[in-house]
1. Can you give the angle from 0 to 90° between the axis of helix 3-21 and the longest principal axis of the chain, with both taken from C-alpha atoms, to the nearest 10?
2. Which peptide among 96-105, 17-26 comes first, and what is the full order, when sorted by highest mean count of other Cβ atoms within 10 Å?
3. Once Rh for region 115-166 is found with the Kirkwood sum over Cα pairs, what is the Stokes-Einstein diffusion coefficient at 37 °C and 0.692 mPa s, in µm²/s?
4. Normalised by the residues of the chain, what does the relative contact order come to in percent, with Cα pairs under 8 Å and at least six apart?
5. For region 107-166 and region 13-32, what is the separation of their Cα centres, given in Å?
6. Mind giving me the nanometre distance, one decimal, between the label points for ASP63 and THR21, set 7 Å out from Cα along Cα→Cβ?
7. When Lys and Arg each count +1 and Asp and Glu each count -1, what net charge do the other residues less than 14 Å away from LEU67, Cβ to Cβ, add up to?
8. Provide the packing ranking of 73-84, 145-156, i.e. peptides ordered by the mean count of other C-beta atoms within 10 Å per residue, highest first.
Amino acid sequence: MDKKAFADLEERLLEVNKVITKLDPSIRAAVFDFLKPYISGGTLPAPPADPKKPAPDSQPTSDVTELIQKHGEGKPNDNINLLAAIWFADYGSTPFSLDYLRDRATETGLTIPARPDMTLRTAKDKGKNLFASAARGLFKPTVIGEAFFKTTYNIRKGTKTPPTDK
């Protein structure tokens with residue numbers, strides 16, 4: 001790196017620092033992550049997509065693709081947890097159906113157990129249940145399950161409104 005490039009980098013870092021120090025401490029790390037492309041390349045990332053226009057379900061997002069590439073080679077019961085984590089990343093703790101898991105497994109090419117309902121009922125982390133039955137054929141993550149998703153898959157709880165057919 002030459003001196004001019006270093007000086008440019010330093011200028012962008014100081015500029016970002018001025019902005020970040022004015023922010024609430026709880027969001028500083030997220031804002032810094034968001035501004036990393038600006039710091040290294042001098043351009044801001046594109047604005048996020050309009051949340052009122054959900055992405056089509058048949059097209060996995062790059063985050064979903066990344067999660068599947070990173071964690072999708074596990075056992076079928078691990079793949080159930082992964083698919084539930086993908087739901088959690090999009091729709092939070094709202095209940096999901098077994099049909100969603102089967103459809104999503106087919107779309108992504110993941111192998112899941114023949115009886116995903118039994119897998120969800122018995123899924124545990126450190127002896128605690130990861131899922132609770134929400135209604136016939138519907139499951140939702142427990143608080144322990146949410147923490148498991150966050151630590152295992154490094155995702156956040158989603159806030160989108162779930163589709164009515166899943």
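Derivation of every value follows stated rules applied to the coordinates shown; laboratory data play no part. Source: prediction; values computed, not measured. Virtual Cβ from ideal backbone geometry, glycine too; neighbours counted across all protein chains shown.
1. The angle comes out at about 60 degrees.
2. Details: 96-105: 19.3, 17-26: 9.9.
Going by the mean number of other Cβ atoms within 10 Å, highest first, we get 96-105, 17-26.
3. Details: Rh = 12.1 Å.
It comes out at roughly 272 µm²/s.
4. The normalised contact order for the chain reaches 19 percent.
5. Value for the Cα centre distance between the two parts: 34 Å.
6. Going from the ASP63 label point to the THR21 one covers 3.1 nm.
7. Taking every Cβ under 14 Å from that of LEU67, the sum is -2.
8. Working: 73-84: 19.6, 145-156: 16.8.
Packing proxy ranking, top to bottom: 73-84, 145-156.
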